[in-house]
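Bear in mind that the values in this text are calculations on the coordinates, not laboratory data. Because the structure is a prediction, the values reported are computed rather than measured. No Cβ is skipped: glycine too gets one built from the backbone with ideal geometry, and neighbour counts run over all protein chains shown.
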């Protein structure tokens, strides 16, 4: 079996803690019977509520979120094609045991990459997860190394994978915070394939199985992501829901039952959507200011943001947020498009809520010799009489 190189995701999205101020009244989150949870706003990455967010716990089948993410990124890169056949080796084959989730691909037969992806996401197939791990990296152990590299790269600080399925294994753990970070990256970087996470049913080999995310059947705002369960992990779930323009991500670990993980997820989502709102403070790819440039073919530079600056606050607080620009002094050409030239700062009641990098919106080429010489003279005198 050939080893396929793995494309790492282009976007790194991590969670940011919500900064409370004296003027900000944040209602208390619900009291939940679990080992750990996180509620994150998708757009801003801010954490709206949490309990033991970084606690290292067995993730069960939430592990498959990383497995599916890597499959999706390989598809998007062209290293895999949706129709590529994936062999079901004996090492990955599910023997029909009722103790594990399976896609039920017959031994020594093949299924397409896209079918395997659905088998991982919808049916939580251990067989599909192992088969894709072997197809991409040669064996499951090598694939786990790729998983760990990607986890580190996107900012998952309390995660270590030993396999592609989440079956209990020493040294295999994750956290609620890391799972929310991973979910945010899946939604953003795997947008083409994210709709699969909302599909309620998948039939393969004449066996129809329902998505284990019960909220897909009861809450129309929910469109992903994954459930998990082992005796060691308890009942776990990572969920995303969008209501209006606001999307939230919740992660619960170690709940006592299937009903509890669904009920606790509902409670977290209700808390977030009821009490918070996300506001775009500054737009993306628009000039927020012009600043002088020395030694360039033009003497001014337009600066702005590569992505819209958004913050999440208790409802009614957004109007009190102020933004300011801090631009580096004495910028000189050449300037590359996207080069960091300062920052945008959002504050509420004098306290910093968020900062974003301010970048050049266009390149500035270096001027000719005589123009540069004149600018050097001007710079000298401007500093002298400052």
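Rounded to the nearest 10 degrees, the inclination of helix 126-137 to the longest alpha-carbon principal axis of the chain is 50 degrees.
Once the Cβ-Cβ distance of residue 302 and residue 54 is raised to the sixth power relative to R0 = 41 Å, the FRET efficiency obtained is 0.55.
As an exercise, take the mean of 1/r over every pair of distinct alpha carbons in the chain, invert it, and state the Kirkwood radius in angstroms. Kindly include the intermediate steps, with their values, before the conclusion.
Details: mean 1/r = 0.0438 Å⁻¹.
Final number for the Kirkwood radius of the chain is 22.9 Å.
When both the range 23-86 and the range 309-323 are represented by their alpha-carbon centers, they are found 25 Å apart. Against the chain, whose longest principal axis is taken from its Cα atoms, helix 64-77 shows a tilt of about 60°.
Relative to one another, the C-alpha centroids of the range 133-155 and the range 198-249 are positioned 24 Å apart.
Quick check on the range 133-190: take the gyration tensor over C-alpha atoms, sort the square-rooted eigenvalues as a ≥ b ≥ c, and tell me if it's rounded (a/c under 1.5), prolate or oblate.
Details: a/c = 2.02, a/b = 1.30, b/c = 1.55.
The shape class here is oblate.
Distance between the 7 Å Cα→Cβ label points at residue 99 and residue 330: 7.1 nm. Ranked by how many other Cβ atoms sit within 10 Å of their own Cβ, fewest first, the residues 178, 115 fall in the order 115, 178. Maximal additional length on extending the residue 355-residue 205 stretch stands at 48.9 nm, based on 0.36 nm per residue less the C-alpha distance. Note on the range 283-384: Cα convex hull, mean projected area over all directions, 7.3 nm². Full extension of the chain between residue 232 and residue 109 yields a length gain of 41.0 nm, computed as 0.36 nm times the residue separation minus the alpha carbon distance. Distance between the pseudo-spin-label points of residue 152 and residue 90 (7 Å out from Cα toward the beta carbon): 3.5 nm.
Of 177, 162, 374, which is the most mobile in a GNM of the chain whose springs link Cα atoms less than 10 angstrom apart? Result: 374 has the largest fluctuation of those listed. Taking the helices alone, the chain has a mean residue ellipticity at 222 nm of -8000 deg cm²/dmol, built from -39,500 (n - 2.57) per DSSP H run of at least 4 residues and averaged over all its residues.
By how many degrees, 0 to 90 and rounded to 10, does the Cα axis of helix 176-189 deviate from the longest principal axis of the chain? The angle comes out near 70 degrees.
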